1. Could you please tell me which pairs satisfy a Cβ distance under 9 Å, a separation of 6+ or placement on different chains, a first residue in the range 12-25 that is over 16 Å from Lys50 (Cα atoms), and a second residue that is open to solvent by 70 Å² or more (accessible area, probe 1.4 Å) and among the basic types (Lys, Arg)?
2. Looking at (1) open to solvent by less than 90 Å² (accessible area, probe 1.4 Å); (2) more than 16 Å from Gln63 (Cα to Cα); (3) β-branched (Val, Ile, Thr), find the lone condition where Ile2 falls short.
3. Which ranges mark the helices (runs of 4 or more DSSP H) fully within the chain that have 1 or more residues being of a type in the set (Val, Ile, Thr) and modelled with pLDDT under 85?
4. Being touching an Asp or Glu at 6+ places or on another chain (Cβ under 6 Å) and surrounded by 10 or more Cβ atoms within 10 Å (Cβ to Cβ), is that true of even one residue in the range 16-38?
5. Looking at the structure I just gave you, is Gly33 on the phi > 0 side of the Ramachandran plot, more than 10 Å from the chain's Cα centre (by Cα) and touching a residue at least 12 places away in the same chain (Cβ under 8 Å)?
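The values are calculated or read from the model by the stated rules, or taken from the named source; none is laboratory data. Only a predicted model underlies this, so the values are computations on that prediction, with no experimental measurement involved. Cβ sites come from the backbone with ideal geometry, for glycine too, and all protein chains shown count toward neighbours. Just the protein is used for accessible areas: all its heavy atoms, side chains included, with ligands, DNA and RNA removed. Shrake-Rupley method; radii C 1.70, N 1.55, O 1.52, S 1.80 Å.
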Amino acid sequence: MIEQTPVMRICISCKKTYDRKHLIKITKDYKQGIIFQKGMGRSAYICKSKKCYSDSKIKKKLQKALKTSLEPEFFDIFEKEITSYNDNSNKGI
């Protein structure tokens, strides 16, 4: 049986390499706009550590990685998504 190697991605905040399963994926889909954890298109990955997602420059880093300007409403949704992922990971889901 062939063992699959994990898919590695880089966190845009701390620039460390992680397995894709341990990162939050933010995708700019050409039809649906900005979506979390699914979709195809230009993507950026952020690790689930508080240091990375609460970085003061994360807004600029996301805009650069996704090659788009992001509205202020996006960052409100982003904060809610981050807290929901952290709540689920603490519960063991």
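1. Thr17/Arg9; Asp19/Arg9; Arg20/Arg9
2. (1)
3. Details: elements: 50-53, 58-66, 72-91.
Counting at least 1 such residues, we get 72-91.
4. yes
5. For Gly33, the condition - on the phi > 0 side of the Ramachandran plot, more than 10 Å from the chain's Cα centre (by Cα) and touching a residue at least 12 places away in the same chain (Cβ under 8 Å) - is not met.
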